[in-house]
1. Explain nothing, just the number: dipole magnitude of region 70-158 about its Cα centre with +1 on each Lys and Arg Cβ and -1 on each Asp and Glu Cβ, in debye rounded to the nearest 20.
2. Among Met40, Met77, Met141, which one shows the biggest mean-square fluctuation in a GNM of the chain, springs joining Cα atoms closer than 10 Å?
3. Treating the beta-carbon of each Lys and Arg as +1 and of each Asp and Glu as -1, no other charges, what is the dipole magnitude of the chain about its Cα centre, to the nearest 20 debye?
4. Determine the dipole magnitude for region 1-69: charges of +1 sit on the beta-carbon of Lys and Arg, -1 on that of Asp and Glu, nothing else is charged, the reference point is the Cα centre, and the result goes in debye to the nearest 20.
5. With contacts defined as alpha carbon pairs under 8 Å and 6 or more residues apart, what's the relative contact order of the chain in percent?
6. Once the piece of chain linking Lys81 and Phe7 is laid out straight, how much longer is it, given 0.36 nm per residue of separation minus the C-alpha distance between them?
7. Among Asp16, Asp87, Asp38, which one moves the most in a GNM of the chain with springs linking Cα atoms closer than 10 Å?
8. Would you kindly calculate the translational diffusion coefficient of the chain, applying Stokes-Einstein with the Kirkwood radius from alpha carbon pairs, for 37 °C and a viscosity of 0.692 mPa s, and quote it in µm² s⁻¹ without decimals?
Amino acid sequence: MPRITTFITYVDQAEDAAKFYCSVFKSSRIVATTHYGDNMPGKKGSAMTVELELDGTRFVFLNGGDHFKLTDAASLMVDCKTQDEIDYYATKLSAGGGKEVACGWVTDKFGLSWQIVPAQLSELISDSDPKRSQRVMEAVMQMNRLDIATMQTAYAGT
């Protein structure tokens, strides 16, 4: 079976981004770094690609130059089991110039978008009772950082 690896292109911050993400996600590591050489489009000796694992998921980052811009059209979703995990990842990923946006989304200081969500969100918003799922969605739409207790209260209708 083929292996699918997420490939993300930065202007020139691939190595810094990889180090930052490895500091946020504890079971992570940089696997390999390649560098630009003679007759290559990047500055000789600078990082070209950085291969890394974030909690067991493989990524490759590339320093591709000014014409590559990250947008929120693609994001990485972090399923969190507890409110402490949500708080940890939202705080860490928004540090240093990033920002918490809406509905659990965070844009980090490199411009990459993340969704920091409770693992049970999908179950709550896909409930067979449309009133329950609607209440949860209305609560989510009011939040930047998602709050599990508020979502559960909305689900229960209390």
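1. Computed charge dipole of region 70-158: roughly 140 debye.
2. Checking each option, the largest mean-square fluctuation is seen for Met40.
3. Its charge dipole is roughly 160 debye.
4. With Lys and Arg at +1 and Asp and Glu at -1, about 140 debye.
5. Details: 290 pairs, mean separation 28.9, N = 158.
Relative CO of the chain lands at 18 percent.
6. 24.0 nm
7. Asp38
8. My calculation gives 191 µm²/s for D.
The numbers here are math on the coordinates, done by the rules we state, and not lab data. Everything numeric in this text was worked out from a predicted model, so none of it was measured. All Cβ positions, even for glycine, are placed from backbone atoms using ideal geometry, and neighbour counts span all protein chains on display.
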